[in-house]
1. Out of curiosity, is Leu68 of a type outside the set (D, E, K, R) and open to solvent by 50 Å² or more (accessible area, probe 1.4 Å)?
2. Output the number of the condition that Ile96 fails; it satisfies all remaining conditions of (1) closer than 25 Å to Gly71 by Cα; (2) open to solvent by 50 Å² or more (accessible area, probe 1.4 Å); (3) touching a helix residue (DSSP H, G or I) at 6+ places or on another chain (Cβ under 9 Å).
3. Name the pairs: first residue in segment 169-192 and under 12 Å from Ala158 (Cβ atoms) and outside any helix (DSSP H, G or I), second residue open to solvent by 20 Å² or more (accessible area, probe 1.4 Å) and of a type in the set (A, V, I, L, M, F, W, C), Cβ to Cβ under 6 Å, at least 6 apart or on different chains?
4. For segment 76-91, give me each residue that is closer than 18 Å to Pro142 by Cα and either among the small types (Gly, Ala, Ser) or outside any helix (DSSP H, G or I) (or both).
5. So which residues in segment 1-35 are assigned to a loop (DSSP other than H, G, I, E, B), buried (at least 19 other Cβ atoms within 10 Å of the Cβ) and not β-branched (Val, Ile, Thr), if there are any at all?
Amino acid sequence: VALLEFFFLKAQLPRLVIIGLLIAIVGGLFIGFGGASGSETSVTVDRQRDFIGGALSLVGAVSFAVYLIIGRNLQSSDKLSIIPYIWLVYGSAGLILAIPVIFTQTPLTGYPTMAYIWLIATAIVPQLVGHSSLNYAVGYMPATLVSMITQLEPIGSAILAYFIFNELPLPLQIFGSMIIISGVILATIGQRSRKQGTSAP
């Protein structure tokens with residue numbers, strides 16, 4: 001996101017934001033490598049899964065970066081307000097995701113009631129509230145800072161997993177989470193200082 005914002009939107013990021021970004025990347029590495037485990041007999045299978053998972057993660061990361069840059073460009077230049085923008089994004093996403101469902105003939109009925117309740121909850125809380133908040137924020141803040149804030153998601157997931165599934169993160173993952181939080185705080189301070197500096201005159 002930082003590279004795309006720099007090259008395509010000509011954005012100048014404050015030094016503290018860049019430092020915070022680098023710190024958050026280090027924290028992400030600790031989380032990623034902190035969960036590595038497996039016996040010697042399953043090393044080959046694990047490596048194949050890690051490669052596929054890593055490739056899919058990279059595609060997702062690049063796609064999300066482009067998505068944030070497009071949203072930043074459209075909203076910061078007043079080309080599109082937030083409501084039409086999220087209608088376009090969520091509507092097109094729903095139509096595109098419907099295509100594989102139709103072609104694979106995946107049934108949409110017959111699941112337990114709780115499954116539909118969880119689906120609705122997922123649509124309302126993470127999607128409508130969470131992603132809409134990010135889409136709104138990207139119209140007023142640098143896309144790089146918004147993308148850094150999304151790094152708090154796995155930390156929140158780990159906290160929920162502890163209370164709901166009694167899953168405890170590994171020590172390196174906890175350490176990485178603390179590093180990410182430090183990076184996000186530092187970047188936020190840097191962005192706030194820049195805003196105060198530009199608005200003071």
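The values are calculated or read from the model by the stated rules, or taken from the named source; none is laboratory data. These numbers come from a predicted model, not from an experiment. In this analysis, Cβ positions are derived from the backbone assuming ideal geometry, glycine residues included, and neighbour counts consider all displayed protein chains. These area figures cover heavy atoms from the full protein model, side chains too; ligands, DNA and RNA do not enter into them. Shrake-Rupley method; radii C 1.70, N 1.55, O 1.52, S 1.80 Å.
1. It is false that Leu68 is of a type outside the set (D, E, K, R) and open to solvent by 50 Å² or more (accessible area, probe 1.4 Å).
2. Result: Ile96 passes all but (3).
3. Pro169/Ala158
4. Of everything in segment 76-91, those that are closer than 18 Å to Pro142 by Cα and either among the small types (Gly, Ala, Ser) or outside any helix (DSSP H, G or I) (or both) turn out to be Ser76, Ser77, Asp78, Lys79, Leu80, Ser81.
5. Leu13, Pro14
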